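Participant: Below you'll find the structure I mean.
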Amino acid sequence: MQLIFLGPPGAGKGTVATKVAVENGIPHISTGDIFRYNINNKTELGLKVKSILDSGELVPDTLTIDLVRDRLSQEDCARGFILDGFPRTIAQAEALEAFARILAVLDFAIPDEQIVERLSGRRVHKASGRTYHVVHDPPKVPGKDDVTGEELIVRSDDQVDSIRKRLSVYHEQTAPLKAFYQDKGLLTAVDATPSPDSVYRSIQQILRKAQA
Ligand code: AMP
């Protein structure tokens, strides 16, 4: 089952993808998470892409495509995978055709203003990746991780200016993928405004139909 979760940053793709991946025994592959892991570990790739992620721009296509091609060739992807945050440009989508057979593309639909509200309130526990929201899902102690008690951080690209930049990049470069996958009969829109549990249930239904 090869799936793409499409949609703007902050639409909740990652949260739902984690659940769908566990349920189906397939990996959840987030290019954003791979880049951040490399940045945190100061690898060669991390040093190369840090300033790009901070600015909210996209990492060059060739580099990103090579990274994903390599990841999808690994054994745990044999039964399928969920791509979250890839493809993000038409060039990436075209390249993907050569090394994937996509079953469905789920388009997470949500207004920009709701995204700004979600992302600017997001707090992250860096070591585990656990996320909170200052209003909708606050930690037990403000600013501290529930499990370890360690400090929570604001992702550097969750600053309001960076969020606006990421949204404009999304509308310019990634939104055209909707038509690309619509033309192939693969696109299904998902209302991403309700709670993650409710979005998850809608997706379960869509996937049951896609596999029937
Ligand atoms: P995300 O966590 O998916 O919002 O990604 C965070 C950042 O990683 C993006 O703002 C881009 O700078 C970079 N990134 C992630 N996926 C891609 C991609 N498919 N192509 C180019 N850049 C990406």
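The values are calculated or read from the model by the stated rules, or taken from the named source; none is laboratory data. Please read these numbers as outputs of a predicted model, since none were measured by experiment. Here the Cβ positions follow ideal geometry from the backbone for every residue, glycine too, while neighbour counts run over all protein chains shown. Ligands, DNA and RNA are excluded from the accessible area calculation, which covers all protein heavy atoms including side chains. Shrake-Rupley method; radii C 1.70, N 1.55, O 1.52, S 1.80 Å.
Participant: Keeping to region 73-108, report how many residues are more than 16 Å from the ligand (Cβ to nearest atom) and in contact (Cβ under 8 Å) with a residue 12 or more places away in the chain.
Facilitator: Qualifying residue count for the region: 8.
Participant: Might you let me know whether region 149-169 holds any residue that is under 15 Å from the mean Cα position of the chain (by Cα), open to solvent by 70 Å² or more (accessible area, probe 1.4 Å) and within 14 Å of the ligand (Cβ to nearest atom)?
Facilitator: No, because not a single residue in region 149-169 is under 15 Å from the mean Cα position of the chain (by Cα), open to solvent by 70 Å² or more (accessible area, probe 1.4 Å) and within 14 Å of the ligand (Cβ to nearest atom).
Participant: If you check ILE39 against the conditions, is it open to solvent by 20 Å² or more (accessible area, probe 1.4 Å), more than 8 Å from the ligand (Cβ to nearest atom) and farther than 29 Å from GLN204 by Cα?
Facilitator: Working: open to solvent by 20 Å² or more (accessible area, probe 1.4 Å): yes; more than 8 Å from the ligand (Cβ to nearest atom): yes; farther than 29 Å from GLN204 by Cα: yes.
Considered against the rule, which asks whether it is open to solvent by 20 Å² or more (accessible area, probe 1.4 Å), more than 8 Å from the ligand (Cβ to nearest atom) and farther than 29 Å from GLN204 by Cα, ILE39 comes out as yes.
Participant: I've got another one for you. If you check SER30 against the conditions, is it in contact with a Gly (Cβ under 8 Å, 6 or more places away or on another chain), hydroxyl-bearing (Ser, Thr, Tyr), more than 20 Å from ALA179 (Cα to Cα) and within 13 Å of the ligand (Cβ to nearest atom)?
Facilitator: Numbers: in contact with a Gly (Cβ under 8 Å, 6 or more places away or on another chain): yes; hydroxyl-bearing (Ser, Thr, Tyr): yes; more than 20 Å from ALA179 (Cα to Cα): yes; within 13 Å of the ligand (Cβ to nearest atom): yes.
When the stated conditions are applied, SER30 passes them.
Participant: Now for a different question. Within region 106-141, how many residues turn out to be within 15 Å of SER162 (Cα to Cα), under 16 Å from the mean Cα position of the chain (by Cα) and exposed (fewer than 14 other Cβ atoms within 10 Å of the Cβ)?
Facilitator: The total comes to 0.
Participant: Still on this structure, please answer the following. Within region 9-27, which residues are open to solvent by less than 20 Å² (accessible area, probe 1.4 Å), more than 12 Å from the ligand (Cβ to nearest atom) and touching a His at 6+ places or on another chain (Cβ under 9 Å)?
Facilitator: VAL20, ALA21, listed by residue number.
Participant: Another one. Looking at region 73-89, is at least one residue in contact with a Ser or Thr (Cβ under 7 Å, 6 or more places away or on another chain) and basic (Lys, Arg)?
Facilitator: yes
Participant: Return only the number of the condition from (1) under 17 Å from the mean Cα position of the chain (by Cα); (2) within 21 Å of ARG166 (Cβ to Cβ); (3) part of a helix (DSSP H, G or I) that GLY46 does not satisfy.
Facilitator: Only one criterion in (1) under 17 Å from the mean Cα position of the chain (by Cα); (2) within 21 Å of ARG166 (Cβ to Cβ); (3) part of a helix (DSSP H, G or I) is unmet by GLY46, namely (1).
Participant: Please give the strands (runs of 3 or more DSSP E) falling wholly within region 99-206 in which 2 or more residues are aliphatic (A, V, I, L, M). Walk me through how you get there before you give the answer.
Facilitator: Numbers: elements: 104-109, 122-124, 131-133, 187-191.
Those strands (runs of 3 or more DSSP E) span 104-109, 187-191.
Participant: Just to be sure before I move on: is ALA91 among the aliphatic types (A, V, I, L, M) and assigned to a loop (DSSP other than H, G, I, E, B) in the structure I sent?
Facilitator: Details: among the aliphatic types (A, V, I, L, M): yes; assigned to a loop (DSSP other than H, G, I, E, B): no.
Judged against the criteria, ALA91 is not a match.
Participant: Quick check: is even one residue across region 198-206 of a type in the set (S, T, N, Q), open to solvent by 60 Å² or more (accessible area, probe 1.4 Å) and over 16 Å from the mean Cα position of the chain (by Cα)?
Facilitator: Looking only at region 198-206, we keep the residues that are of a type in the set (S, T, N, Q), and these are 198, 202, 204-205.
Cutting the leftovers down to open to solvent by 60 Å² or more (accessible area, probe 1.4 Å) gives us 205.
Subsequent filtering for residues that are over 16 Å from the mean Cα position of the chain (by Cα) retains 205.
Yes.
Participant: Restricting to region 60-86, name every residue that is buried (at least 19 other Cβ atoms within 10 Å of the Cβ) and not in a helix (DSSP H, G or I).
Facilitator: PHE81, ILE82, LEU83, ASP84, GLY85, PHE86
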